[in-house]
Amino acid sequence: MQIGPRYKICRRLGDRVFSKCQTTKFTVSGTDKKTVSKKGRRGASEYGQQLLEKQKARYAYGVSEKQFSNYVKNARSLKGGNPTLELFKQLESRLDNIVFRLGLVNSRLSARQVVSHGHILVNGRKTTIPSTAIRRGDVIQIRPGSREIGPFRTLAERAKDYTAPDWLIYDIDKNEGLIKGEPVYGQSEANLKFGSILEYYSRV
C-alpha cells in the first residue's frame with residue numbers, strides 16, 4: 001500500500017495513525033492548524049465520521065481499500081461470530097502487525113519492509129507476504145543472517161523498555177516470538193472504532 005505524506009494524513013485523521021506523528025516535532029508543526037481541523041470535524045455528518053474511522057484504521061494498519069473491504073466481508077460472513085471482534089482479529093493477526101507488536105521494529109511500515117525483504121521466519125520458513133495470517137502457536141523469528149542489520153541492531157536495547165501484548169511472547173535470547181493466544185479487543189488500538197467502521201460498510 002502506497003502512503004502519502006504522514007504528517008498531512010495525521011492532521012486529517014488523528015495523531016495515533018502513525019507512530020511518526022506521536023512526537024513533539026509533529027505537535028509543533030501542526031500548532032497553527034489545530035483550530036481549523038477541530039472546527040471542520042465538529043460539523044461532520046455521521047457518515048463522515050464513519051468514513052473517518054475507516055480511513056484511520058486502514059492507514060494505521062497499512063491496508064489497501066480492497067484488502068480492508070475483504071476483511072470486513074469475512075468478518076460479517078462468520079456465523080455466530082462478533083463482526084467487530086472478527087475484523088479486529090484479522091487486522092491484528094497480519095504478519096506485519098505481529099512483527100510490530102512483538103517490538104521487533106518501531107512501526108508497521110518498518111514491519112512490512114522487513115517482512116517483504118525476507119528477514120522474518122514463520123515456523124522456520126521465510127515468509128515475504130506482510131498480510132500473511134498468523135495463528136495461535138505460530139513462532140516468529142528474525143532470520144539468523146538478518147539480526148545485525150537495520151532496525152534489529154538496536155533490538156536488545158529497545159526490548160528493555162517494551163512490553164508486548166498479553167497474547168504475544170518474545171524471547172530475545174532465543175530470537176523467538178510465540179503467539180500464545182488471540183488478539184484481545186480493547187487492549188490495543190483503543191482509539192479505533194471498529195463498530196463505526198462496520199456501520200460505514202453497511203451503507204456503501
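General remarks:
- Within segment 74-88, not a single residue is on the phi > 0 side of the Ramachandran plot and touching an Asp or Glu at 6+ places or on another chain (Cβ under 8 Å).
- Cβ-Cβ under 8 Å pairs, at least 6 apart or on other chains, segment 115-140 side on the phi > 0 side of the Ramachandran plot and part of a loop (DSSP other than H, G, I, E, B), far side among the hydrophobic types (A, V, I, L, M, F, W, C) and modelled with pLDDT of 95 or more: 123/139; 124/139; 137/178; 137/179
- Any chance residue 164 is within 25 Å of residue 58 (Cα to Cα) and not assigned by TED's automatic domain parsing to the domain that holds residue 57: yes
- Residue match in segment 22-40 (condition: at pLDDT 95 or above and of a type in the set (A, V, I, L, M)): no
The values are calculated or read from the model by the stated rules, or taken from the named source; none is laboratory data. In this text, all values refer to a predicted model and were calculated from it rather than measured experimentally. Note: ideal-geometry Cβ built from the backbone for every residue, glycine included; neighbour counts use all protein chains shown.
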